[in-house]
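The values are calculated or read from the model by the stated rules, or taken from the named source; none is laboratory data. From a predicted model like this one, the values you see are computed outputs, not experimental measurements. Positions of Cβ are backbone-derived with ideal geometry, glycine not excepted, and every protein chain shown enters the neighbour counts. These accessible areas exclude ligands, DNA and RNA; they are computed on the full protein's heavy atoms, side chains included. Shrake-Rupley method; radii C 1.70, N 1.55, O 1.52, S 1.80 Å.
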Amino acid sequence: MSGLRTIFAGTPEFAVPALRALIDSPHRPMAVLCQPDRPAGRGRKLRFGPVKACALEAGIEVLQPASLKSEDAQRPLRELRPDIIITAAYGLLLPRAVLELPVHGCWNLHASLLPRWRGASPINQAVLAGDVETGMSLMQMDVGLDTGPVLLQSATPIGPDESAGELHDRLAPMAADLLLDGLKRLVEGSLPEPQPQDDALATHAPLIQREDARLDWSRPAVDLARQVRAYNPWPVAFGDIEGLSCRIFEARAIEQISAEPGRLIRGAGEGREIVVACGQGALAIASLQAPGRKRVSARDWLNGHPDWA
């Protein structure tokens, strides 16, 4: 298979398997686009993102414009004369001038079965909504947000207890496989005709805010259990228990319990879980973190707080 002149654009860990697959393929990127380095940690020092670290380790040039709207930002891309630009969780919109630059246009790897869950948080929203299936979409990009026609898709079930973090880690290698399949078909001339998305079926996955993870005990326990899974590992669900604002990492719904929402149900769960009443049923918490404390299992917390047991 002859190699295409590619540019890869991505920033977080999710995009690393696709980049590594591309590096090891005949289509090794000429350059990698990442968002600018941002301060992180207590010292607020600039830190490389995972995609940048991977590209530098492979000896690939990294470009980090704050925007691709200016001619100055677009010039290096024009000079590289790419056949195709591939994005995966890049985080910046590609203007029309960039979309029209490569011979084969621009492809995007999106972590949902489009048109469901267009936007920044498709994995979290699929878990939050109780979807039983999700997957990866390889799409031809246009000027809209995840609105372009779909080239290929790969589906996978969502486990009943699977967190967004666990699903993220399964979808990332699926993205790499889907990309290699798409490039192989492109070179062979067997790529399917792009299929337009049905906008009437589209749902939106907005950028997550920390407040989205707050637990409202008046809601059904089933919904709160999904919320815990959807916001693990970030921003992590949280709610007040016995006057403490606790972060909750693992929980399940118990439907047969009825009590005042927010009430700590003592003695339930045989000491293995902390059970809090909800609008319907109760939330059985298996792992939590109190303010100023480390994350612990419910059993360990109850051992140290017998008044909760």
5 angstrom amide H check on GLU250, placed H, neighbours 5+ away: ALA286, SER287
Charge dipole (the chain, unit charges on Cβ, about Cα centre) - positive-most of ALA175, VAL187, ALA21: ALA21
Computed over the chain: relative contact order in percent, which uses C-alpha pairs under 8 Å that are six or more apart: 13
Distance between modelled label sites at GLU260 and ALA97, nm, 7 Å Cα→Cβ extension: 6.4
Eligible aspartates and glutamates near LYS52 by straight Cα distance, threshold 16 Å, same-chain separation 8 or greater: GLU13, ASP37, GLU61
Cα-derived Rg over Rh, computed across region 210-275 with Rh taken as Kirkwood radius: 0.93
Fraction of beta bridges assigned by DSSP in region 1-146 that are antiparallel (%, nearest 5): 30
For the chain, built as a Gaussian network whose Cα springs stay under 10 Å, the top-fluctuating residue of ALA298, ALA282, ALA259: ALA259
Kirkwood-based shape ratio for the chain, expressed as Rg/Rh from alpha carbons: 1.05
Antiparallel content of DSSP bridges confined to the chain, in %, to 5: 65
Stretchable slack from GLN74 to GLN209, in nm (0.36 nm times residue separation minus alpha-carbon distance): 45.5 nm
Region 3-50: relative contact order in percent, alpha carbon pairs under 8 Å with at least 6 residues between: 42
Additional length obtainable on full extension of the chain from VAL132 to LEU201, 0.36 nm per residue less Cα span: 23.2 nm
Accessible surface of the chain, 1.4 Å probe, proportion on carbon and sulfur as whole %: 50
Computed over region 30-151: relative contact order in percent, which uses C-alpha pairs under 8 Å that are six or more apart: 19
Residues whose placed amide H lies under 5 Å from that of GLU61, excluding near-sequence neighbours: VAL32
Rough spin-label spacing in nm, given labels placed 7 Å along Cα→Cβ, for ARG299 and GLN153: 4.2
Quotient of Cα Rg and 2.2 N^0.38 Å for region 248-309, N being how many residues it contains: 1.05
The chain - mean residue ellipticity at 222 nm from DSSP helices (-39,500 (n - 2.57) per run, n ≥ 4, rounded to 500): -7500 deg cm²/dmol
Alpha-carbon centroids, region 218-236 and region 1-63: separation in whole Å: 32
Ordering of 106-114, 78-86 by burial proxy (mean other Cβ atoms within 10 Å per residue, highest first): 106-114, 78-86
Listed residue (GLY91, LEU201, ALA129) projecting farthest to the positive dipole end of the chain, Cβ model: GLY91
In Hz, Karplus ³J(HN,Hα) per residue of region 28-33 (6.51, -1.76, 1.60; θ = phi - 60°; x = Gly, Pro): 3, x, 7, 7, 10, 9
Convex hull (Cα only) mean projected area of region 1-102, reported in nm² to one decimal: 6.6
Sorted peptide list for 65-73, 210-218, criterion being average Cβ within 10 angstrom, highest first: 210-218, 65-73
